[in-house]
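Inspection log for the structure reproduced underneath, given as structure tokens.
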Amino acid sequence: MKLLAFSVSLRKGSFNRKLIKLAVNAAQKKGVEIELLDLLDYEMPAYNGDIETNVGLPEAAARLKQKLESAQGLIISTPEYNFSYPGHFKNTFDWVTRFQPMPWTNKAVLLLSASMSLVGGNRGLWHLRVPFEYAGGFVFPLMFSLASAHQAFNEKDELSNPDLAQRLEEMVGSFIRFAEHLKY
Ligand SMILES: Cc1cc2nc3c(=O)[nH]c(=O)nc-3n(C[C@H](O)[C@H](O)[C@H](O)COP(=O)(O)O)c2cc1C
């Protein structure tokens, strides 16, 4: 089984980039092939039906579609922006849905978030579930939200709290079993 992973945050020092790397390490420990993508490599213009009609779908959307077709599932870590998830990812999601069949369909999806707040960006994850559910993804019921993210990592970019580190590893393990049972 192959998985993809990415941080929705584009900034280099992102807490979500740190968190997704830990999830990738946890998946690799379970022997799963997982590819970490950088959404900076998949930048797209704002969706505009005239671009689609006159120019076609962005080549970045086509490359992301190919990546999605190569994988059975996704692990995503996102910041919360204004109680939701960042708009640039909705734009990416929308462009990719213009391919038929929609490349998000039948993918197992694990959602993570990190934020400096005490709720760890969890509200954004409830919004992010919706387009994946619509597009026929299988969103794992459990989600992981890292609160006080600015204080949560040690100098090796590991989670300082061993209970949280264990919870993340266990959740990634449960998600892998979930994804392996989906026969698509
Ligand atoms: C436009 C904007 C809106 C934000 N809204 C929220 C919010 O609703 N809840 C929250 O916890 N943090 C919010 N933040 C703070 C981000 O969670 C914080 O910048 C976080 O570090 C971003 O994730 P990153 O470190 O992965 O880039 C917002 C930041 C920006 C730029």
Report task. Give the residue that is farthest from E169 (Cα to Cα), with candidates limited to residues of region 15-72 that are in a loop (DSSP other than H, G, I, E, B) and touching a residue at least 60 places away in the same chain (Cβ under 8 Å). Result -> S70
Query raised in the report: Is it the case that region 154-163 has a residue that's part of a helix (DSSP H, G or I), open to solvent by 10 Å² or more (accessible area, probe 1.4 Å) and away from the ligand (no atom under 15 Å from the Cβ)?
Result: yes
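Kindly indicate the residue of region 119-153 that is more than 16 Å from the ligand (Cβ to nearest atom) and under 20 Å from N82 (Cα atoms) and also most open to solvent (accessible area, probe 1.4 Å) among those meeting that condition.
Out of the qualifying residues, it is V130.
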Query raised in the report: Does region 164-178 contain any residue that is open to solvent by less than 80 Å² (accessible area, probe 1.4 Å), touching a residue at least 60 places away in the same chain (Cβ under 8 Å) and of a type in the set (D, E, K, R)?
Result: yes
Requested in this report: Looking at (1) away from the ligand (no atom under 16 Å from the Cβ); (2) of a type outside the set (V, I, T); (3) open to solvent by 30 Å² or more (accessible area, probe 1.4 Å), find the lone condition where P58 falls short.
Outcome: (3)
Query raised in the report: Does region 1-20 hold any residues that are surrounded by fewer than 19 Cβ atoms within 10 Å (Cβ to Cβ) and away from the ligand (no atom under 12 Å from the Cβ), and which are they?
Result: M1, K2
Query raised in the report: Looking at (1) part of a helix (DSSP H, G or I); (2) open to solvent by 10 Å² or more (accessible area, probe 1.4 Å); (3) within 15 Å of the ligand (Cβ to nearest atom), which is the one condition that is false for M116?
Result: (1)
Query raised in the report: Does any residue of region 102-111 turn out to be of a type outside the set (G, A, S) and on the phi > 0 side of the Ramachandran plot?
Result: yes
Query raised in the report: Any chance region 21-36 includes a residue that's within 12 Å of the ligand (Cβ to nearest atom) and touching a helix residue (DSSP H, G or I) at 6+ places or on another chain (Cβ under 9 Å)?
Result: no
Report task. Answer yes or no as to whether F83 is closer than 21 Å to L146 by Cα, touching a residue at least 60 places away in the same chain (Cβ under 8 Å) and either within 12 Å of the ligand (Cβ to nearest atom) or touching a Phe, Trp or Tyr at 6+ places or on another chain (Cβ under 6 Å) (or both). Result -> no
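The values are calculated or read from the model by the stated rules, or taken from the named source; none is laboratory data. As the structure is a prediction and not an experimental result, all values here were calculated from the model. We place every Cβ from the backbone using ideal geometry, glycine too, and count neighbours over all the protein chains shown. Heavy atoms of the whole protein, side chains included, go into the accessibility calculation; ligands, DNA and RNA do not. Shrake-Rupley method; radii C 1.70, N 1.55, O 1.52, S 1.80 Å.
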